[in-house]
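Heads up: the structure comes next, in structure tokens.
Each value in this text was obtained by applying a stated rule to the coordinates, not by laboratory testing. This structure is a prediction, so every number in the text was calculated from the model and none was measured. Quick reminder, even Gly has a Cβ in these numbers, built from the backbone with ideal geometry, and neighbours come from all protein chains shown.
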Amino acid sequence: MALMSSAMELVLIFIALEISSISTYILAGFRRKVAASSESSIKYFLLGSFATAFFLYGVALIFGSTGTTNIAAIAQVLKSGNVSLLTYMALALMFVGMGFKVAGAPFHVWTPDVYEGAPIPVVALMSTGPKARRLRRDVTHLVRLL
């Protein structure tokens with residue numbers, strides 16, 4: 001989580017996000033003898049994979065439209081006023097990916113199933129730590145881009 005909060009590159013944000021996500025996928029299925037825990041872990045992994053695909057595709061489109069993955073350089077390109085439709089589509093895909101990752105509405109439908117099967121301390125961690133850090137950091141960066 002600390003790696004993501006200090007990242008200034010979209011690729012590093014992606015890597016830090018995935019390191020954090022993979023650990024929570026495993027923690028959601030920590031009770032191996034309980035079927036609901038395994039089910040919640042698999043649901044979380046599958047939906048997290050889709051969210052990762054959206055986010056990574058958005059990063060690729062941002063790179064394609066601006067020529068860089070550095071957040072400061074992307075902000076400079078966006079401030080220049082020459083913003084294409086591809087850039088807006090990329091930002092939308094990144095918002096969708098982050099919406100799934102932080103369980104923000106309307107992308108929160110997976111949360112009850114995952115939280116029901118995961119152990120209570122893991123639910124406490126998943127519902128506060130990663131979401132607050134991810135949302136605060138990424139929304140700040142994405143608002144700067146706009």
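Key figures
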item: Linear extension gain, ILE26 paired with TYR57, 0.36 nm per residue minus alpha-carbon span; result: 8.7 nm
item: Kyte-Doolittle mean at least -0.5 and Cα axial length at least 15 Å: DSSP H helices in the chain; result: 10-28, 35-66, 85-101, 120-145
item: Paramagnetic label zone (point 7 Å from Cα along Cα-to-C-beta, THR68; backbone N under 14 Å) in region 1-21; result: 8-11
item: Sites ILE19 and ASN82, calculated FRET efficiency, Cβ-Cβ separation with R0 35 Å, nearest 0.05; result: 0.50
item: Paramagnetic label zone (point 7 Å from Cα along Cα-to-C-beta, GLU39; backbone N under 17 Å) in region 10-28; result: 28
item: Within the chain, helix-based [θ] at 222 nm, where runs of 4 or more DSSP H residues each add -39,500 (n - 2.57), nearest 500; result: -26000 deg cm²/dmol
item: Lysine pair number, Cα distance threshold 24 Å (strictly under), the chain, separation 8 or more or different chains; result: 4
item: Rh (Kirkwood; distinct C-alpha pairs) - the chain, Å; result: 15.7 Å
item: Separation between Cα centres of region 1-48 and region 93-126, rounded to whole Å; result: 10 Å
item: Relative contact order for the chain, counting Cα pairs under 8 Å that sit 6 or more residues apart, in percent; result: 32 percent
item: Loop sites in region 1-83: trypsin sites (Lys or Arg not before Pro), DSSP, at most 12 other Cβ within 10 Å; result: ARG32, LYS33
item: The chain - charge dipole about Cα centre, Lys and Arg +1 at Cβ, Asp and Glu -1, debye rounded to 20; result: 260 debye
